[in-house]
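Worksheet for the structure shown next.
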Amino acid sequence: MTPNVSSWHTLFINVNLATMSDDSTSYGELHQAALAVSHGKIVWIGEMSTLPAYNVDEVNVVDGKGKWLTPGLIDCHTHIVYGGNRANEFEMRLQGASYEDIANAGGGIVSTVSATRAASEEMLFNQALPRLKALHRQGVTTIEIKSGYGLDTENEVKMLKVATELSKHIPVTVKRTFLGAHALPVEYKDNPNVYVDLVCNEMLPAVIDQNLADAVDVFCENIGFTRAQTEQVFKAASKANLPVKVHAEQLSNIGGTELAAQFNALSSDHVEYLDEAGIKAMKDSNMTAVLLPGAFYFLRETQLPPIALLREYGVPMAIATDANPGSSPVHSLQLMLNMACTLFRLTPTEALAGVTCNGAKALGLAKSKGQLAVGYDADIAMWDICQPAELCYQYGVNPLTMLVKEGSIVISH
Ligand code: NIG
Ligand code: FE
């Protein structure tokens, strides 16, 4: 088909591409290439030698001078909306307390719940904004943000409204996940099932009514919710046609991933303790494994996720920050690229796939984001690097020189 050159709005010339559009064993490299954008979409990709004639007066031409383009990065698992911080628990852990000890003693997630409930929508927004800016400056164009520190209708709604508002201030696509079943609030300490009923019968309907969620998540764990409770939430979500995800197999294996597979979940996240049956279930139901090296690092976990088996079964692996005040107070997806390789021994190709095409899969966006391909959204990062592996190899100097969001240049220096 002859390209409709007259519709081109922006054209990148003299660039190298890591298209991430083959599979996670290849960058999908194209050297000395060009990429054209029209109406927010990628409309043409090819080698410079095949670039059709275009009218230089009508197209905004960006000469990349040999720099690299990748898809805009996708952080598919975060909790960046929260009040307060947990530096005190960090100190406690350095003196020997474990994450579980702290949670069982009434700290952990529920201490962030108190701070989040006490904060106004505006305060939460102002605290989350620099976190989102930090991620965006490093190339993030799509982020998932979970609720889960409100744990009552009013405060879960408040969190999701803040997540929605953030996308209006920073050019980032925000996918919002309702995580009412994140922890048991103190007022339901002795009545977990009553709380789960509340999640399903009051909180979820309120969130849906106000169109505040794109997916539903549950923390299925000994210090979170049982399999049966998780199933109840998944049933309610599925009835409302919302996709589900799960925090599972982070500290133990109680079968959360297998359960999630029965509901065709988008992803199972953490998965350090995932076993082969769980991996098989993921493969059979097309799920993505979201690996969170920041939480592994910050909690000094020693159980590695079953990378070799995930590879063997061909389960897509995404990488995310899990940015949150307790287990991963880390707001750098570039650092996660490095940690995915150093801590989890992913190849740089797999790591980059984890924050592009596979991150998109974990959010149900595989057909529009995470790849440089014709028809995909023009979410594009330009990097001053000589080879894609540099994005994983070095950390601390930000090689991002340009960020394009749905066709508009939103960062350029
Ligand atoms: O993904 N695992 C549960 N939720 C978060 C931790 C939240 C917190 O400690 O505040 C996580 O690690
Ligand atoms: Fe998380």
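Just so you know, all these numbers are worked out from the coordinates, no wet-lab data involved. As the structure is a computational prediction, the values presented were derived from the model and not from experiment. Please note: Cβ atoms are built from the backbone with ideal geometry, for glycine as well, and neighbour counts cover all protein chains shown.
A few points about this structure:
- Residues considered: 50, 78, 257. Largest GNM mean-square fluctuation over the chain, using C-alpha springs under 10 Å, is found at 50.
- Residue 186/residue 50 FRET efficiency (R0 60 Å; Cβ-Cβ; nearest 0.05): 0.40
- Degrees separating the helix 109-118 axis from the principal Cα axis of the chain, which is the longest one: 80 degrees
- Ellipticity estimate at 222 nm from DSSP helix runs (n ≥ 4, -39,500 (n - 2.57)) divided over the chain, nearest 500: -9500 deg cm²/dmol
- R0 of 25 Å, Cβ-Cβ distance residue 302-residue 95: FRET efficiency to nearest 0.05: 0.85
- Pairwise centroid distance, computed over Cα atoms, of region 345-413 with region 180-200, Å: 38 Å
- Bridge orientation summary for region 73-362: considering DSSP beta bridges with both residues in this region, about 5 percent are antiparallel.
- Distances between placed amide hydrogens fall under 5 Å for residue 318 paired with 289, 290, 291, all partners being 5 or more residues away or on another chain.
- Whole-number percent relative contact order across the chain, with pairs defined as alpha carbons under 8 Å at least 6 apart: 19 percent
- Nearest-0.05 FRET efficiency for residue 6 and residue 240, computed from C-beta distance (R0 45 Å): 0.50
- Rounded to 10°, Cα long-axis angle of helix 333-342 versus longest principal axis of the chain: 80 degrees
- Highest mobility in the GNM of the chain, judged by mean-square fluctuation with C-alpha springs under 10 Å and restricted to 98, 147, 368, is found for 98.
- The phi-based Karplus calculation (6.51 cos²θ - 1.76 cosθ + 1.60; θ = phi - 60°) puts the 3J(HN,Hα) values of region 191-198 at 9, x, 5, 5, 5, 4, 4, 5 Hz, whole numbers, x for Gly and Pro.
- Residue with peak Gaussian network fluctuation, the chain [Cα springs, cutoff 10 Å], from 387, 232, 95: 95
- Within the chain, the proportion of Cα pairs with more than 38 Å between them is 19 percent.
- Here the gap between residue 368 and residue 39, fully extended at 0.36 nm per residue and compared with their Cα-Cα distance, gives a gain of 117.1 nm.
- Separation of the alpha carbons by more than 24 angstrom is noted, of 65/367; 283/369; 280/361; 158/405; 239/405; 168/283, for 65/367; 158/405; 239/405; 168/283.
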